[in-house]
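Everything on this sheet refers to the single structure shown next.
The values are calculated or read from the model by the stated rules, or taken from the named source; none is laboratory data. Just so you know, these numbers come straight off a predicted model, no measurement behind them. Every residue, glycine among them, receives a Cβ derived from its backbone with ideal geometry; neighbour counts consider all protein chains shown. When the accessible area is computed, the model is the full protein with side chains, heavy atoms only, and any ligands, DNA or RNA have been set aside. Shrake-Rupley method; radii C 1.70, N 1.55, O 1.52, S 1.80 Å.
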Amino acid sequence: MPSFTSPDQGEDLEACVLRFSDLDLKDTRLINPSSSLKAELDVSTKKKYSFAKKKAFALFVKTKEVPAHPFECKEKWWKCCQQLFKDRIGIHRHVATQHADEICRQTASMLKQLAVTLNTSKSLKPADDRNPLKGYLTCNREVSAWLPDVSCFSPDELIRGQGSDEGEVLLYYCYCDLGDPPWVCAWQTALCQHLRLTGKVRIATEGINGTVGGSKLATRLYVEAMLSCPLFKDYMCKDDFKTSKGGACCFPELRVGVFEEIVPMGISPNKISYKKPGVHLSPGEFHKEVEKFLSQTNEEQSDTILLDCRNFYESKIGRFQGCLAPDIRKFSYFPSYIDKNLELFREKKVLMYCTGGIRCERGSAYLKAKGVCKEVFQLKGGIHKYLEEFPDGFYKGKLFVFDERYALSYNSDIVSECSYCGAPWDQYKLCSTPQCRQLILTCPACQRQGFTACCVTCQDKGSRLASSPTQSSFKEECECTARRPRIPSELPQQV
């Protein structure tokens with residue numbers, strides 16, 4: 001577990017927090033200070049910023065630890081960006097040069113969190129009296145105390161069945177106020193390594209969002225650990241974990257980090273909170289609403305909008321019939337999409353959905369805050385839970401997932417086509433041009449003809465790169481992204 005104490009002094013957590021008491025965290029310039037600003041900071045503030053940055057750096061490096069081979073004298077190595085580092089100098093140099101932005105975000109989070117801890121320290125005792133479990137967690141901060149006992153299992157049992165056919169992938173999120181994200185980050189890192197899980201876990205003061213893969217034994221123990229943790233046991237149940245076939249092989253590594261948001265919408269949780277979402281509908285209730293919507297003779301004149309909150313490449317291979325699927329590349333564009341097309345939602349009943357439900361939580365809160373909709377509903381558990389109950393329902397095609405499987409199949413419907421010949425096809429591959437790496441739909445016949453890039457421009461880039469190996473830098477934007485409006489308009493154009 002990353003230490004909260006100064007490397008030079010044996011201070012406890014409270015003492016460390018007090019050292020930040022006079023740092024104005026409302027000044028956003030301090031989060032990522034320029035060199036000129038750093039020169040203006042007084043000595044005390046510089047020390048505080050330096051301390052937080054060192055802790056953030058140490059935490060990031062800690063999350064990259066992997067066990068060394070048994071025959072090695074060292075106990076641990078580090079793995080990051082699919083590279084293996086056998087000495088501390090190597091991983092430190094890599095993190096410093098390749099992950100500066102992430103360290104900056106972690107530093108910002110640590111500074112903010114220390115300020116929050118300071119402000120709430122006076123009321124900590126009454127809170128602990130009300131919830132003795134959380135009080136015990138505060139006192140018992142050692143990560144090892146919150147790891148499941150696996151002594152009754154052999155190492156082989158934990159990793160057996162990690163393959164895509166025998167293993168399992170978990171998808172979950174939990175919105176709840178977390179007072180100490182760095183501790184949760186350290187615990188999650190240790191927990192996943194303890195159970196030999198790979199995947200991605202995002203932690204923030206607003207909660208946790210994760211998808212991890214491993215053996216079925218490992219994922220079962222992970223769920224048990226989450227549900228027994230005082231931080232989450234009052235907010236989560238077993239049904240909140242969506243499962244699918246997969247395993248550790250579905251992710252290149254384990255990545256655990258502290259962020260401002262557990263899903264990047266690009267708006268501070270202080271402005272749009274998860275605490276004011278739309279009305280949750282169970283898969284059965286949502287199914288009935290979609291059925292009612294599709295039964296209307298004229299969907300364009302309907303008072304209901306079935307809104308897909310995902311990115312265009314997700315809805316391209318699978319979506320609900322009759323939905324409005326925004327042509328956006330990132331969820332952080334969703335608020336701007338709503339703003340640009342606000343009149344479209346005026347006096348409408350909106351049925352929102354996404355993969356697992358997390359994007360709808362704050363997406364629906366943002367739409368509700370605009371005050372134009374008649375009602376805003378969201379699919380509880382997302383498409384994942386809907387397809388478990390209605391594999392042949394109103395959702396057609398595959399379900400896109402953010403791992404190396406790319407998609408899950410629940411029905412035989414194909415709703416997309418090959419980008420080159422137009423034949424029905426829904427299996428993504430990465431664009432063959434290394435500088436692009438966008439997802440592309442190209443059928444086997446077109447692949448055999450050499451059509452392996454996302455567009456003609458990228459295909460030409462790939463050819464030039466093959467003929468001139470030393471020419472390694474190209475502009476990343478290609479035809480696909482250049483011709484797509486960043487924020488599309490669904491409203492009719494005025495003449």
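Taking all protein chains together, 200, 288 sort by accessible area into 288, 200, largest first [probe 1.4 Å]. A probe of 1.4 angstrom, applied to the heavy atoms of all protein chains, finds residue 386 with accessible area near 0 square angstrom.
Phi-derived couplings, Karplus 6.51 cos²θ - 1.76 cosθ + 1.60 at θ = phi - 60°, listed residue by residue for the range 433-442: 7, x, 6, 10, 6, 6, 7, 9, 9, 9 Hz, with x used for Gly and Pro. Remark: the range 259-356 carries 44 Å² of accessible area per residue (probe radius 1.4 Å; ligands, DNA and RNA excluded).
Of the accessible area of the range 164-271, computed with a 1.4 Å probe over protein heavy atoms only, carbon and sulfur atoms account for 48 percent. Loop-located trypsin sites (Lys or Arg not before Pro) in the range 226-280 (DSSP state not H, G, I, E or B) with no more than 16 neighbouring Cβ atoms inside 10 Å: 233, 271, 275.
Cα centroids of the range 319-361 and the range 376-433: 17 Å apart. On a per residue basis, the range 153-224 carries 32 Å² of accessible surface, using protein heavy atoms and a 1.4 Å probe.
For the range 243-286, a simple Cβ point-charge model (Lys and Arg +1, Asp and Glu -1, everything else neutral) yields a dipole of about 80 debye relative to the Cα centre.
Counting only heavy atoms of the protein chains and using a 1.4 Å probe, residue 81 has close to 60 Å² of accessible surface.
Measuring against 24 Å, Cα to Cα, the residue pairs 288/348; 271/370; 62/216; 368/396; 55/238; 330/370 contain 62/216; 368/396; 55/238 as the ones spanning a longer distance. Would you please classify the overall shape of the range 382-461 from the alpha carbon gyration tensor, given that a ≥ b ≥ c denote the square roots of the eigenvalues, rounded means a/c under 1.5, and beyond that prolate means a/b larger than b/c while oblate covers the rest? Judged from the Cα gyration tensor, the range 382-461 comes out prolate (a/c at least 1.5, a/b above b/c). Among the protein heavy atoms, those of residue 399 account for about 0 Å² of accessible surface (1.4 Å probe, every chain in place). Rounded, prolate or oblate: pick one for the range 192-268, where a ≥ b ≥ c are the square roots of the eigenvalues of its C-alpha gyration tensor, a/c under 1.5 means rounded, and failing that, prolate if a/b is larger than b/c, else oblate. It is oblate, given that a/c is not under 1.5 and a/b is not larger than b/c. Ordering 379, 344 by accessible surface, largest first, gives 344, 379; the 1.4 Å probe counts only protein heavy atoms, with every chain in place.
Projecting the Cα atoms of 277, 228, 341 onto the dipole axis of the range 203-350, where Lys and Arg carry +1 and Asp and Glu carry -1 at the beta carbon, places 228 farthest toward the positive end. In terms of its alpha-carbon gyration tensor, the range 279-394 comes out rounded; the largest-to-smallest axis ratio a/c stays below the 1.5 threshold. As a calculated quantity, the FRET efficiency between residue 448 and residue 50 at R0 = 60 Å, using C-beta atoms, amounts to about 0.60. The residue among 203, 265, 193 whose Cα reaches farthest toward the positive pole of the charge dipole of the range 182-307, with charges on the beta-carbon of Lys, Arg, Asp and Glu, is 193. If I model a spin label at residue 83 and residue 291 as a point 7 Å from the Cα along the Cα→Cβ vector, what separation in nanometres do I get? So the two model labels end up 5.6 nm from each other. These residues, 89, 487, 328, 414, go from largest to smallest accessible area, 1.4 Å probe, as 89, 414, 487, 328.
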